[in-house]
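Participant: Take this structure, written in C-alpha cells, and hold onto it; I'll ask about it next.
The values are calculated or read from the model by the stated rules, or taken from the named source; none is laboratory data. Computed from a predicted model, the values in this text were never measured in an experiment. All Cβ positions, even for glycine, are placed from backbone atoms using ideal geometry, and neighbour counts span all protein chains on display.
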Amino acid sequence: MRVTRRAAMASALGALACPGLARAQATDAWPSRPIRLVVAFPPGGSTDIVGRLTAQYLQNALGVAVVVDNRGGASGGLGTAGAARSPADGYTLTVSGVGTHGVVPAVNPAQTEYDPVKDFTHVGMIGVFYSTLVVHPSFAAASLTDYLEAARRQPGKLNYATSGSGSSNHIVAELLVKNAGVDIVHIPYRGAGPALQALIANEVPSMFDSLPAVAPHIRNGTIRALAISSPERLGTFPDIPTFKELGYQEMVTENWFGISGPAGMPQPVVDRIARAMAEFLVDPAIKARYSEAGLDTKVMPPAPFKDYIADAFDFWKSAVQRTGVTSH
C-alpha cells in the first residue's frame, strides 16, 4: 500500500500529540539497532569475561549486535555512573556486579555518583561466583596453613595483589587478615587483568581474585589456588578447599553478576531481556560455558534481583566497616 505524504505527516503529528503512543511504537520496534553493554572494568578481568559471554548470548536471543564497551576507572564507578546517566531506552545496558553495586558505594559513598538500587533498572541475575586466594607456582606454600605460617614468620613481608584498593577481593583479603591475625601487604593494581599478569610473571607471590578471571590459569597450572570463599567446595574445582572448612567462617562471601540499565526502562523491554536471559541461562551447553569460566548461573527476575542487590549492598557495607578498607 502506498503511503501518501499527507498520511505520513498526519501520523507524525499524531505521535507528537500522543507521546505515549510514540513511546509504545518505539518499544514495539525494540531492538532495532545495536545495544551497548557497558563493562566498567578493563579487558581481562572477571566482569569482562562474563560480560563478553553474556553479550554473545543476548545477541543471539535478541537478533541485534550487543557491543561490549569497556569503561574502566574508579574501581568500576566511572563506567557505571555513565550507564546510569544514559537514556533509558534499552540500548544501553551494563554488567552490574558486587564491585559496582556493592563494594564501590559501600567504600566511597560520598564519591559514588549513583545509588546502586534506585538509579538502575535491574533486569536479572547472570550468576554467582567466589573469591579465590591464588599463588605463583614457585611460591613455597602448598596450603592456606602454609601461607599463613609464612606470613607469621615474616610480618609485613608477604605481598598480595588485587584489582585495586577498595575492591571486593581487597575486602576478602582483609577479612582473612583480621580473622587470622596476620600482617600481609596489599599491592593494588589498576584492574584484575594487570594484577593477574603480575602474578603470572611472579612480580607478586599471591593474589585474591574472582574465580572467573583465574579459572583457566588454575586449570593450566599457571597459578595455584589455596582457598575459595564459597560455602562448600565447587563441583568444577573440587580440589580447592573453602576458607570455611579451614576454620574461617566469616570468609564465606557470595559475589554476583547481572544485567542492569538506567532507571525507568520501558517494562516491555525489561521483560524481553529478562525472558531471553531466563531461557539461555538454563541451556545446558551455555550453563557449561559459564561454569568453565567459574560462574554458577542463576535465573532471578527483575523484582527479586533488585531486592538481592539491596541486601548485598548491606552485607558489603558491614564488611567494609569490619575491615576498615578504603580506596586509598
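Participant: Here are 288, 310: which of them is of a type in the set (Gly, Ala, Ser) and at pLDDT 95 or above?
Facilitator: 310
Participant: Further question: Quick one: would you say residue 172 is outside any strand (DSSP E or B), surrounded by 24 or more Cβ atoms within 10 Å (Cβ to Cβ) and either touching a residue at least 40 places away in the same chain (Cβ under 8 Å) or assigned by TED's automatic domain parsing to the domain that holds residue 294 (or both)?
Facilitator: yes
Participant: Of the numbered conditions (1) surrounded by 14 or more Cβ atoms within 10 Å (Cβ to Cβ); (2) at pLDDT below 90; (3) in contact with a Pro (Cβ under 8 Å, 6 or more places away or on another chain); (4) over 23 Å from residue 97 (Cα atoms), residue 23 satisfies every one except a single condition; which is it?
Facilitator: So the condition that residue 23 fails would be (1).
Participant: If you don't mind, another one. From the set of residues in segment 187-222 that are outside any strand (DSSP E or B) and polar (S, T, N, Q), which is nearest to residue 40 (Cα to Cα)? Don't jump to the end; show me each part of the working.
Facilitator: First, pick out the residues of segment 187-222 that are outside any strand (DSSP E or B): 189-205, 211-222.
So of that shortlist, the ones also polar (S, T, N, Q) come out as 197, 202, 220, 222.
On the way: 197: 19, 202: 27, 220: 28, 222: 26 Å.
Ranking the qualifying residues of segment 187-222, first place goes to 197.
Participant: In contact (Cβ under 8 Å) with a residue 60 or more places away in the chain, of a type in the set (Ser, Thr, Tyr), assigned by TED's automatic domain parsing to the domain that holds residue 37 and crowded, with 17+ Cβ neighbours inside 10 Å: does that describe residue 114?
Facilitator: Judged against the criteria, residue 114 is not a match.
Participant: All but one of (1) polar (S, T, N, Q); (2) under 22 Å from residue 66 (Cβ atoms); (3) crowded, with 20+ Cβ neighbours inside 10 Å; (4) out of contact with any Leu (no Cβ under 8 Å at 6 or more places or on another chain) hold for residue 291, so report the exception by its number.
Facilitator: Every condition holds for residue 291 apart from (3).
Participant: Report yes if some residue within segment 143-156 is assigned to a loop (DSSP other than H, G, I, E, B), at positive phi and touching an Asp or Glu at 6+ places or on another chain (Cβ under 6 Å); otherwise report no.
Facilitator: The answer is yes, given that some residue of segment 143-156 is assigned to a loop (DSSP other than H, G, I, E, B), at positive phi and touching an Asp or Glu at 6+ places or on another chain (Cβ under 6 Å).
Participant: Could you say which residue among 126, 200 is touching a residue at least 24 places away in the same chain (Cβ under 8 Å) and buried (at least 24 other Cβ atoms within 10 Å of the Cβ)?
Facilitator: Going through 126, 200 in turn, the sole match is 126.
Participant: Something else now. When you go through 141, 150 one by one, which is the residue that is in the same structural domain as residue 242 (by TED's automatic domain parsing), without any contact (Cβ under 8 Å) to a residue 24 or more places away in the chain, surrounded by fewer than 24 Cβ atoms within 10 Å (Cβ to Cβ) and not β-branched (Val, Ile, Thr)?
Facilitator: 150
Participant: When both residues are 6+ apart or on different chains and their Cβ atoms are under 7 Å apart, which pairs have a first residue that lies in segment 88-109 and is assigned by TED's automatic domain parsing to the domain that holds residue 68 and more than 16 Å from residue 310 (Cβ to Cβ), and a second that is among the basic types (Lys, Arg) and modelled with pLDDT of 90 or more?
Facilitator: 91/33; 91/36; 92/36
Participant: Shifting gears a bit: What are the residues in segment 87-102 that are touching a helix residue (DSSP H, G or I) at 6+ places or on another chain (Cβ under 7 Å) and either of a type in the set (Val, Ile, Thr) or surrounded by fewer than 24 Cβ atoms within 10 Å (Cβ to Cβ) (or both), if any?
Facilitator: Listed by number, the residues that qualify are 90, 92, 94, 95, 98, 100.
Participant: Checking the condition under 13 Å from residue 316 (Cβ atoms), outside the structural domain of residue 55 (by TED's automatic domain parsing) and either at pLDDT below 95 or buried (at least 20 other Cβ atoms within 10 Å of the Cβ) (or both), which residue from 163, 167 passes?
Facilitator: Sole residue among the options that is under 13 Å from residue 316 (Cβ atoms), outside the structural domain of residue 55 (by TED's automatic domain parsing) and either at pLDDT below 95 or buried (at least 20 other Cβ atoms within 10 Å of the Cβ) (or both): 167.
Participant: Here is a follow-up. In the set 319, 293, which member is at pLDDT below 95, closer than 30 Å to residue 220 by Cβ and either touching a Gly at 6+ places or on another chain (Cβ under 6 Å) or not assigned by TED's automatic domain parsing to the domain that holds residue 214 (or both)?
Facilitator: Values: 319 fails: closer than 30 Å to residue 220 by Cβ.
Just one listed residue meets the conditions, 293.
For every residue, the table says whether it meets (1) within 29 Å of residue 31 (Cβ to Cβ); (2) over 18 Å from the mean Cα position of the chain (by Cα); (3) not charged (D, E, K, R).
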| site | (1), (2), (3) |
| --- | --- |
| 257 | yes, no, yes |
| 271 | yes, yes, no |
| 277 | yes, no, yes |
| 281 | yes, no, yes |
| 290 | yes, no, yes |
| 308 | yes, no, yes |
| 322 | no, yes, no |
